[in-house]
1. What does the charge add up to near P194, with Lys and Arg as +1, Asp and Glu as -1, over the other residues with Cβ less than 14 Å from its Cβ?
2. Carbon and sulfur atoms: what percent of the 1.4 Å accessible area of the range 42-148 do they account for?
3. If you roll a 1.4 Å probe over the range 253-344 with all protein chains in place, what percent of the accessible area is carbon or sulfur?
4. Alpha carbon centre of the range 22-84 versus the range 152-167: separation in Å?
5. Heavy-atom accessible area per residue, the range 1-112, 1.4 Å probe: how many Å²?
6. Could you give me the ³J(HN,Hα) list for the range 266-279, computed from phi with Karplus coefficients 6.51, -1.76, 1.60 and θ = phi - 60°, whole Hz, x at Gly and Pro?
7. Under the rule of -39500 (n - 2.57) per DSSP H run of 4 or more residues, summed and divided by the residues of the chain, what mean residue ellipticity at 222 nm is obtained, to the nearest 500 deg cm²/dmol?
8. So what's Rg/Rh here for the range 83-157, counting alpha carbon atoms and using the Kirkwood radius for Rh?
Amino acid sequence: MAKLVFITQQVDPAHPALAATVPKIRALAELVDEVVVLADAAVEGSLPANCRVRSFRAGHKALRGMRFETALARELSGLRGGAVVAHMCPIYAVLAAPLVRPLRIPLVLWFTHWRTSSLLRAAERASTAVTTVDERSFPFPSSKLRAIGHGIDLAEFPCSPTRDGSGTQLLALGRYSTAKGLDVVVAAVPHAGPDVELHVYGPALNDEERAHRAELEQLVGELELGGRVTIGDAVPRSEIPALLAAHDALVNNMRAGAPDKVVYEAAAACRPVLASNPIFDELLDPGQRFPRWDPSALADRIRALAEMSSDARAALGRGLRERVAAGHSVQSWARGILDAARMS
């Protein structure tokens, strides 16, 4: 019986930042007999029947660590031939290693972000394998590294036709982090043309992000873009496909080293994308990329997109979806995890 222990923060299909974890677990569950999810919290009924959840939620860090170790230890007896996957949080790999590595149970870390730390380096040393989207989406070299794509559920993001209507409607999605470069995106709007609008939606999950959202709102006011730029709250994940369909393109200015999954989600939905991150050079053609700190260059890309015919934009979108299906589907991601764990 093939069994997998998957450790993550939360299992919540409506979470503004972590909802995409759910289809990843579902895809893994299709390939193994059982998935045991260790998480702080999980929404009941969000996973298939062959998944069980153990919560390690606690009021303080020490007790949470104890509950984590206890929950994992109770699953070790049935893990021969299986593996443990630590999702995004290096601490999970560090805590799991003393229990699983002496038993020669593979420990796979999934991590995709630009930020390094001593904890991440410890997690890399502790893990059997490290998985990420692209070799450039892990912050330091490692002989254990495997690039397996981002894991997008194409069924969740069906191909939508090009938008009918005048003007150019742009969309930006994600947390109000300074790493997103949203100030450059806002600054590009007045240069792109009078019929260009930008709608930004996302959560502000801490004081820094709330402060940055306020800075963006101030910038909108200073540029007198109140009727053309919206700085909005996070939208439920279930509404994102319709939101993509209502816009002409997604704009993403995330700093290098962290490939935003929303770019792949928009591409899966056949929506053109304009992005600055060099990591998208295999997904996006040169005409869809721009220098990160150059609002004028972004404005040029927006104008070029607006000049394309509806048929040309549709063909561009279909090509993007094909690229996501080829290298970034949630099914290929799940197979990549099992390959890394030597379970395939």
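The values are calculated or read from the model by the stated rules, or taken from the named source; none is laboratory data. Small disclaimer: the values here were computed from a predicted structure and weren't measured. Here the Cβ positions follow ideal geometry from the backbone for every residue, glycine too, while neighbour counts run over all protein chains shown. Just the protein is used for accessible areas: all its heavy atoms, side chains included, with ligands, DNA and RNA removed. Shrake-Rupley method; radii C 1.70, N 1.55, O 1.52, S 1.80 Å.
1. Here the count lands on -1.
2. Carbon and sulfur: 53 percent of the exposed surface of the range 42-148.
3. 48 percent
4. 34 Å
5. With the other protein chains kept in place, the range 1-112 gives 44 Å² per residue.
6. Residue by residue, the range 266-279 yields 4, 4, 4, 7, 6, 9, x, 10, 10, 9, 9, 5, x, 5 Hz.
7. So the helix-based figure for the chain works out to -11000 deg cm²/dmol.
8. 1.00
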